[in-house]
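The values are calculated or read from the model by the stated rules, or taken from the named source; none is laboratory data. Predicted, not measured: the structure shown is a model, and the values here were computed from it. Here Cβ is always computed from backbone atoms with ideal geometry, including for glycine, and neighbour counts include all displayed protein chains. Keep in mind that these areas ignore ligands, DNA and RNA; they rest on the heavy atoms of the full protein, side chains included. Shrake-Rupley method; radii C 1.70, N 1.55, O 1.52, S 1.80 Å.
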Amino acid sequence: MASSMYNTENIVSNGIPEASGMRIGIVVSEWNDNITSDLQKGAVETLQKFGVSAGDIMIEHVPGSFELIYASAQLAKSGLVDAVIAIGCVIRGDTPHFDYISSGVTQGIAAINQQSDVPVVFGVLTTNNLQQAEERSGGIIGNKGDEFAITAIKMIDFYRNLRKKM
Ligand code: DLZ
């Protein structure tokens with residue numbers, strides 16, 4: 001599958017719910033800030049495009065992707081937001097750090113999702129090099145932040161619909 005097929009067209013086939021009144025927490029890693037700030041921008045723009053008001057978006061920063069786990073868990077249980085988007089970027093280097101951090105944050109975010117009523121969107125790019133990260137944060141492949149935003153809206157909608165049926 002071409003890389004461009006991974007952009008938002010893959011997750012909009014059932015439409016996108018109206019998102020006014022949804023409260024979104026965004027945790028952004030400062031590592032590779034040039035990438036994560038663009039992902040944040042894409043996510044915020046898309047949230048607002050679908051009706052989330054600026055005042056309902058809470059943005060917090062953490063030092064690195066590994067810290068997304070703690071911060072997302074805290075935000076998820078704070079009662080302040082309906083979904084969390086965890087944004088980071090881990091770029092492969094010469095040492096095994098890539099594997100440890102990528103694996104750690106993936107498993108950490110997955111573990112939160114198993115325990116929390118508030119969904120946490122995995123917004124972490126794991127790339128082989130800076131160019132791949134740039135292509136996915138507003139470059140030729142698009143901005144994955146858009147996809148993270150739509151996923152958050154859809155997961156809130158999923159939870160609300162489920163609650164209505166219970
Ligand atoms: C230490 C480290 C390294 C080497 N690389 C990255 C990276 O590519 N992306 C990222 O988000 N964070 C990196 N970090 C920092 C770790 O995520 C974490 O902040 C530190 O290990 C402290 O817990």
With the requirement that a residue be outside any helix (DSSP H, G or I) and surrounded by fewer than 19 Cβ atoms within 10 Å (Cβ to Cβ), what does the stretch 125-157 give you? 128, 129, 138, 139, 140, 141
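Here's the yes/no breakdown for (1) under 20 Å from residue 78 (Cβ atoms); (2) part of a helix (DSSP H, G or I):
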residue	(1), (2)
113	yes, yes
118	yes, no
123	yes, no
159	yes, yes
162	no, yes
Considering the stretch 69-103 alone, what residues qualify as being within 8 Å of the ligand (Cβ to nearest atom), touching a helix residue (DSSP H, G or I) at 6+ places or on another chain (Cβ under 9 Å) and open to solvent by less than 20 Å² (accessible area, probe 1.4 Å)? 88, 89, 90
Looking at the stretch 27-69 only, could you name the residues that are under 15 Å from residue 153 (Cα atoms) and either in contact with a Ser or Thr (Cβ under 6 Å, 6 or more places away or on another chain) or not in a helix (DSSP H, G or I) (or both)? 50, 51, 52, 53, 57, 58
Only one of (1) more than 12 Å from the ligand (Cβ to nearest atom); (2) more than 13 Å from the chain's Cα centre (by Cα); (3) touching a residue at least 12 places away in the same chain (Cβ under 8 Å) fails for residue 48. Which number is that? (3)
Of (1) within 16 Å of the ligand (Cβ to nearest atom); (2) surrounded by fewer than 23 Cβ atoms within 10 Å (Cβ to Cβ); (3) of a type in the set (Val, Ile, Thr), residue 59 fails just (1)
